[in-house]
Every structure is written in C-alpha cells, then in structure tokens.
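The values are calculated or read from the model by the stated rules, or taken from the named source; none is laboratory data. Keep in mind it's a predicted model, so treat the numbers as computed, not measured. With ideal geometry, Cβ positions are generated from the backbone for all residues, glycine too; neighbour counts draw on all protein chains shown. For accessibility, only protein heavy atoms count, side chains too; no ligands or nucleic acids. Shrake-Rupley method; radii C 1.70, N 1.55, O 1.52, S 1.80 Å.
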2 protein chains.
Amino acid sequence: MSSLSTQAADTAHVDRYPSRQSDAAGLIDRRDPVVYGDNAPAAGPLTAAQLEAYDRDGFLLLPAYFSSDDVTALNRELDRLRADDDVKGRREAILEPEGRDLRSLFAADRISDVFGKLAGDDRLTKPVKQILDSQVFIHQARINLKPAFAGKEFYWHSDFETWHVEDGMPAMRAVSCSILLTENTPHNGPLMVVPGSHRKFVQCVGRTPEDHYKASLRKQEYGVPDHESLTRLVEDGGIEAPIGPAGSVLLFDCNTMHGSNSNISPSPRTNLFFVYNSVKNRLGPPFSGVHARPNFIAVRDDDAPVF
Amino acid sequence: MSSLSTQAADTAHVDRYPSRQSDAAGLIDRRDPVVYGDNAPAAGPLTAAQLEAYDRDGFLLLPAYFSSDDVTALNRELDRLRADDDVKGRREAILEPEGRDLRSLFAADRISDVFGKLAGDDRLTKPVKQILDSQVFIHQARINLKPAFAGKEFYWHSDFETWHVEDGMPAMRAVSCSILLTENTPHNGPLMVVPGSHRKFVQCVGRTPEDHYKASLRKQEYGVPDHESLTRLVEDGGIEAPIGPAGSVLLFDCNTMHGSNSNISPSPRTNLFFVYNSVKNRLGPPFSGVHARPNFIAVRDDDAPVF
C-alpha cells in the first residue's frame, strides 16, 4: 500500500470558492466536475445509470450493500469502542453534553483495526475511485451516533464549504460514504439531502475564528447557509431522505447540501462516515487564513494510506 | 346554540387511570370505548371502514378535507393574529424563547371569530360526534406554528394523560382534530403517531407541581412516558406520520401516543388543533390534587358552546 507522501504536489492553491469573506451570502455555480474522467462504467462497479444518477442528484443510495454479518461485526466493534473509557478520553471522541455517552468518534479508521480495514475495502474504494477517477485517501472518518429518544438535529450544510474554508481543500473532488450501522427510517432523523444542490456553492457570511472547530463539533455557528439560498435550492431540487436497512451505503458528493432532524423515536440512528478525497485534491493552507484543523478531523499527513 | 351549563352533571369522579402517583411506570389497558355508541355509519359522514380504521389505529387522516379557498382564508386570519401585538401580549399566546414570534396560540376559537366559526363547522363536529356518540364542546383550541429552519421537536405524549391528571378529564372520550394549515411533509416535523397506542395507558412517574403548566407549555417535564413503555408501543404498532396537503384533517383519539421531530426544512408546519370533548365527559377536579389549569387551556366554564 502506498502513502500520500508518494503523490505529486498540489497545483496552485487558488480560492475558487470564496466563502465567509463578506457579510453578504451568495450562490455561485460549481466549477468542478461531479463524476471525473471519462466516466467509463466498464471500469465498474457502478453502472452507467448509477453514475448518471450520482452526477445529476449528488448522491446514490446502495441499499443493503453490506451483509447482515458485516453489520453485526461492525456494530460489535462499535460497542467495544463505546464501552472503552480510554477511547472516550481521546480528543477524537465527542461526548454528549449531558452524560458520558459517545456522540461522535473521529479517526475511527486509525483508532480501530476493524474500521481501518473497512476504509480500504474494495466495496467502498472502487465505486469512489470510479467517481473521482483517481486514487483516494481518507480525508475524515467519523462515526455519528444519534441516540434514540433524544437525538439532536444537525442543520443544513455543505461539507465542502467547511473543508474548503477551514481545511484548505482546493476542489470539489471528494466523496462521502455513509454506512448505515442501524436502519435509517423516516422517523429516526435520517440524513436529508437536497438533490442537485451539489451544482451550486452557497457562500456563507462571517469570518472563521481561531480554534473554531472545538465548538463547531458541538454546534454550528460558521459556514451556515442562509435561508434564502436554502429555500432556492429546495425549490429547485426538493428534499430526499435516502433511508434503508442497516448495511446500506449512501454515497454523496462533498458539496451536496444535507442535514438531519432530531430523533425522538425508540430507534438509534448510527452511521459511519468515510470521506474519500482524491490524491489530486490534497489539502493546502486553509482559505480562512486561520490555523489548520488537526489531522484527525482533516487528514493532511504524508502517512495516510492511499487506495 | 346551547351551552355546557344545560348539560347533566358528571357522574362519580373516579380516577380510573392513575398516573404520576409513584416512581414506577406502568402500562395498563384502556377502560373506555374508542368509538362510542352503536357506531351506526348510517349517521355519517364517516363510513364504516373509516370508523373501523379509527377504532383500530387511534387516528384517521382525511386528506385535502378543506378546500384551498378555506385554507387561504384561515391562513389570512392567522397572519392577522400573528402580526397583532395585542394578541401576542395575551396570556393565551406562547412566544418563541428567542424573539417575539408566535409559537402557539390557545383559545383560538375565542380570540378569533373566524376560528370560532370553524370550531362549530359541521365538517368537523359531525365526524367527531359520530365517534363520540354525544354532543361535544371544545376542550382546547390551539394553533401550533413550527417554523421553517428552526422548529423544535415535541416529545412523545398522550394528551389524555395530561388532561386526566392536570385537568380532571374522567374518561377517554375526546377527539383531537388537527387541521393542516400548511403542507405537512415527511421532512418538516410532521406529527408522528403510534398506531394502536390508544389501547394502552402509560402511567408516568413523578408528581405534578403547582402551576406546572406555565413551564410545560415550553418544555415537558411531567407526564413524560418512559422509554420501555414507548419501545413496547412502537414494537407493537410502529410509527406513522400522517402527512398531506394543507387542508387535510387528522382525527386522533385523546390517548394516541404522538410527538414530532424538529423542522430544519424551509417549509413551516402550521397546524390548528381543536380538541372536542364529550358533554358526558366534563372536567372535574384534577386528579393530581393541584389547582386546575386555566380555562383557556382546559375548558370547564359553563358558557362553552355545545355542538
């Protein structure tokens, strides 16, 4: 397995998606492809129709993609991590404000061999590489536990906006894989996406303060899209909640607008996120001008394995 | 039009549904009919199949029941009330914690002639009287505005539990009508119900403090069903969100377990609730032993019009 250090240097680090630079919000066109290369479906595993849907909508659901045995093994590993006080004491672990329960775990691929192995699994990397037409590396690996009865909403955002401004990701050339570890139902706060929103970039207002990430992991305050832009995007594309049984995988573009409502249902919603970035899209200095976020949130170290 | 004063006095005021009387939660069987009388569908307007569904599920959706002209007129009246500082200054008005926007308005039928007239509209009172097999009066009339982008969740509850404990409602013989003033979508925090839950009564833990209602209008702390009971009810009946276009009406039993998630969508969710109680089920002293809540929350005055 090669590492990121063997990859060519980034090209000129130019801010093609300015955001948080003024008091006015804006909606500009995407300046990058969604599906890269010649999109040859022959390379597989995604079909031409699947690539077309991903290109058009900005997401693609693969229902029941992993077997129930796989799901059982992944949940067993997650249960082990949740019960481990050493894990909960790490800075990669975000705990519920009330109590000691795990809410998010970053760098799950580095903390756990099981999740590390999954990150390099062909079933995930092959479709992602097909979309991005390049080798890839994990940009961020996160487990999000939305508990039953008391799961909180997560407001609309484009991941790319944050990764661009706060992490210096140059282009829209990254894919998020959400692996559903529990069933996502209409009622347990499933991820909602705005189809077609990946074609527009919402320029957010305000400036990014130093060390903003520590608070932002608990509550968003910067990089929040304005009501008018959101309304326009939803008028154009509507809202969809790609739900499915545990083991389903949702692939979505780094710029697809998404969020989720609360969960008062008795079913926890546990999703694992692997974000794959193209090796041709390595992070540079953050466009915000403030210090880069730590590697466990936005991978920029040379040791990152390349798939 | 007759008033409640002309009705016969209540029979013995016995607590057949004890709740908030111990530290242990409980799940007991319903002790009242759901559909009263001989259920003769000939009386109309509900069909035998509709009555059967209501009896079985504890709710019945009547899609697009009011015309779009009706909906426009009701929304115009609501807009007038929302803009009226005198209305917002009334104790019947519950404002958003941040800002001066109206969140709920109680006694809408008494504050507004338009809503007052609607409360007595045959299209609502006839199906309700068919279910309850008696004359009825408005027990509570409330407008709930769940704003776009920032609507908060409302946790699971049985209305009857509160009306019984805090208002002294003797039996399960009341029907809620939720009139959708905006479209309720899967994504804007629609009401969720647990089909069949009306057949069980969840006994909640804790005691009710005096003047609890002032805080409870903002946040529930008492009368909250326990996780184990909720899980059992949902295992048995699942969760449904009866959604529909503006003008749809949802009839649901006073004991049907319901709640709603947050609303981050750009679509506000505005629902008008009229609760009709049977004249044979007038309020007595609260079973909690504390003072009765005011008439605008739980009607017990003799002047209430009877339909």
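Restricted to segment B:125-144, and to residues that are under 24 Å from residue B:103 (Cα atoms) and touching a helix residue (DSSP H, G or I) at 6+ places or on another chain (Cβ under 9 Å), which residue is most open to solvent (accessible area, probe 1.4 Å)? Full working, then the answer.
Step one: list which residues in segment B:125-144 are under 24 Å from residue B:103 (Cα atoms), which gives B:138-144.
From what is left, the residues that are touching a helix residue (DSSP H, G or I) at 6+ places or on another chain (Cβ under 9 Å) are B:138-143.
Details: B:138: 11, B:139: 0, B:140: 10, B:141: 2, B:142: 47, B:143: 0 Å².
Among those that are under 24 Å from residue B:103 (Cα atoms) and touching a helix residue (DSSP H, G or I) at 6+ places or on another chain (Cβ under 9 Å), it is B:142.
Highlighted here are the strands (runs of 3 or more DSSP E) found entirely within segment B:193-307 that include at least 2 residues which are under 22 Å from residue B:182 (Cα atoms) and more than 12 Å from chain A (Cβ to nearest Cβ): B:249-253, B:269-278. Count of segment B:145-173 residues, restricted to those that are buried (at least 24 other Cβ atoms within 10 Å of the Cβ) and assigned to a strand (DSSP E or B), is 3. Is at least one residue of segment A:61-78 assigned to a strand (DSSP E or B), at pLDDT below 95 and either more than 28 Å from residue A:194 (Cβ to Cβ) or open to solvent by less than 40 Å² (accessible area, probe 1.4 Å) (or both)? The answer is no; no qualifying residue exists. Are any of the residues in segment B:102-115 away from every other protein chain (no Cβ under 14 Å), modelled with pLDDT under 95 and over 19 Å from residue B:295 (Cβ atoms)? Yes. Within segment B:118-151, the set of residues being away from chain A (no Cβ under 14 Å) and small (Gly, Ala, Ser) comprises B:119, B:120, B:134, B:141. Would you confirm whether or not segment A:173-186 contains a residue that is within 14 Å of chain B (Cβ to nearest Cβ), more than 13 Å from the chain's Cα centre (by Cα) and within 22 Å of residue A:254 (Cβ to Cβ)? Yes - at least one qualifying residue is present in segment A:173-186. Restricting the first member to segment A:172-194 and to residues that are among the aromatic types (Phe, Trp, Tyr), and the second to residues that are at pLDDT 95 or above, no beta-carbon pair is closer than 8 Å while six or more apart or on different chains.
With respect to (1) open to solvent by less than 40 Å² (accessible area, probe 1.4 Å); (2) modelled with pLDDT of 95 or more; (3) among the hydrophobic types (A, V, I, L, M, F, W, C), the lone exception for residue A:217 is condition (2). Applying the criterion of being out of contact with any strand residue (DSSP E or B) (no Cβ under 9 Å at 6 or more places or on another chain) and outside any loop (DSSP other than H, G, I, E, B) to the residues of segment A:10-47, the residue that is modelled with the highest pLDDT is A:43. Taking the numbered list (1) acidic (Asp, Glu); (2) farther than 23 Å from residue A:35 by Cα; (3) modelled with pLDDT of 95 or more in turn, residue A:236 passes all entries but (2).
Any residue in segment B:285-293 that is of a type in the set (Phe, Trp, Tyr), over 30 Å from residue A:267 (Cβ atoms) and in contact with a helix residue (DSSP H, G or I) (Cβ under 6 Å, 6 or more places away or on another chain)? Don't jump to the end; show me each part of the working.
Taking segment B:285-293 and keeping what is of a type in the set (Phe, Trp, Tyr), we get B:287.
Now restrict to residues that are over 30 Å from residue A:267 (Cβ atoms): B:287.
Next, from what is left, pick out any that are in contact with a helix residue (DSSP H, G or I) (Cβ under 6 Å, 6 or more places away or on another chain): B:287.
Yes, segment B:285-293 has at least one match.
Picking from residues in segment A:252-281 that are out of contact with any helix residue (DSSP H, G or I) (no Cβ under 7 Å at 6 or more places or on another chain) and charged (D, E, K, R), the one that is least open to solvent (accessible area, probe 1.4 Å) is A:269. When the residues of segment B:79-116 are filtered to those that are on the phi < 0 side of the Ramachandran plot and small (Gly, Ala, Ser), the one that is most open to solvent (accessible area, probe 1.4 Å) is B:83.
Applying the condition of being more than 9 Å from chain B (Cβ to nearest Cβ) and out of contact with any Ser or Thr (no Cβ under 6 Å at 6 or more places or on another chain) to segment A:152-165 and asking which residue is farthest from residue A:267 (Cα to Cα) yields A:164.
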